[in-house]
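Laboratory data are not the source of any read-out in this text; all were calculated from the coordinates shown. Since this is a predicted model, take the numbers as computed values, not measurements. Note that each Cβ is placed from the backbone with ideal geometry, even for glycine, and that neighbours are counted across all protein chains shown.
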Amino acid sequence: MAEHWYAMQSKPNREDALYKELVTRGVEAFFPRIRVNPVNPRARKIKAYFPGYLFVHVDLDKVGYSFFQYMPFSRGMVAFDHEPATVPENLIQAIRQRVQEVNEAGGVEFEEMEKGSRVYIFDGPFAGYEAIFDVRLPGTERVRVLIELLSKRYMPVEMQVGQIRRVQKNSKRSTR
């Protein structure tokens with residue numbers, strides 16, 4: 001068997017410790033982190049791109065599955081039907097590129113929005129729609145917005161913070 005990328009799950013808030021443990025043991029690991037610009041100046045400025053997860057590049061036939069299952073700070077490899085799930089090389093490269101782009105742009109900024117603020121969705125399946133900001137989901141870079149559908153009914157939709165922008169008061173955008 002050849003080397004493949006695998007996803008590992010860390011114990012809660014222990015991604016850094018697991019990454020250091022892997023590197024100390026000579027395992028090629030990828031721990032994607034992004035710079036954030038929090039509202040609270042005492043909050044962490046670097047956060048895991050995938051909280052609770054990181055990636056390892058190994059030949060499991062040589063190293064062994066149990067090597068990772070019982071490692072300190074680890075919850076083990078992500079597996080389906082007791083078979084470790086491989087992560088395609090092109091996905092790892094895409095994640096590396098995205099993390100680099102975010103960090104080169106100065107990090108992720110989250111402009112505190114108030115419940116009820118009008119937002120414009122510029123990315124994803126609802127791109128082009130206006131919505132109403134509902135809430136930022138705790139512990140994530142995700143938000144919930146309310147999209148107006150037929151007969152003035154609103155549907156809650158969760159999405160990445162980076163997919164919305166606050167609508168400027170003098171700007172007029174129409175929904176699809």
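Assuming R0 = 45 Å, can you tell me the calculated FRET efficiency for the pair Lys20 and Arg165, based on Cβ-Cβ distance, to the nearest 0.05?
Taking R0 as 45 Å, the efficiency between Lys20 and Arg165 is 0.75.
What does the net charge come to around Gln9 if you take all other residues with beta carbon closer than 12 Å to its beta carbon, with K and R at +1 and D and E at -1?
Charge balance in the 12 Å sphere: +2.
Within the stretch 63-106, which trypsin sites (Lys or Arg not before Pro) sit in a loop by DSSP and count at most 14 neighbouring Cβ atoms inside 10 Å?
Hits after loop and neighbour filter: nothing returned.
For every other residue with a beta carbon closer than 14 angstrom to the beta carbon of Val87, add +1 if it is Lys or Arg and -1 if Asp or Glu, then tell me the sum.
-3
Using mean Cβ contacts within 10 Å as the protection proxy, how do 154-161, 55-62 order, highest first?
The packing order, highest mean first, is 55-62, 154-161.
Label-point separation (nm) for Phe50 and Glu158, each offset 7 Å from Cα along Cα-to-Cβ?
1.7 nm
Which residues' amide hydrogens lie under 5 Å from the amide hydrogen of Val58, considering only partners 5 or more residues apart or on another chain, with H built in the peptide plane?
Amide H neighbours of Val58, under 5 Å, 5+ apart: His4, Tyr6.
Assuming R0 = 41 Å, can you tell me the calculated FRET efficiency for the pair Leu149 and Asp61, based on Cβ-Cβ distance, to the nearest 0.05?
It comes to 0.20.
Counting other Cβ atoms within 10 Å, which GluC sites (Glu not before Pro) in the stretch 48-129 have at most 10 and lie in a DSSP loop?
Here the GluC sites (Glu not before Pro) that fit, given the DSSP loop and packing criteria, are Glu112, Glu114.
Per-residue HN-Hα couplings for the stretch 60-65, Karplus 6.51 cos²θ - 1.76 cosθ + 1.60 at θ = phi - 60°, whole Hz, x for Gly and Pro?
Going residue by residue, I get 5, 5, 7, 7, x, 5 Hz, with x marking Gly and Pro.
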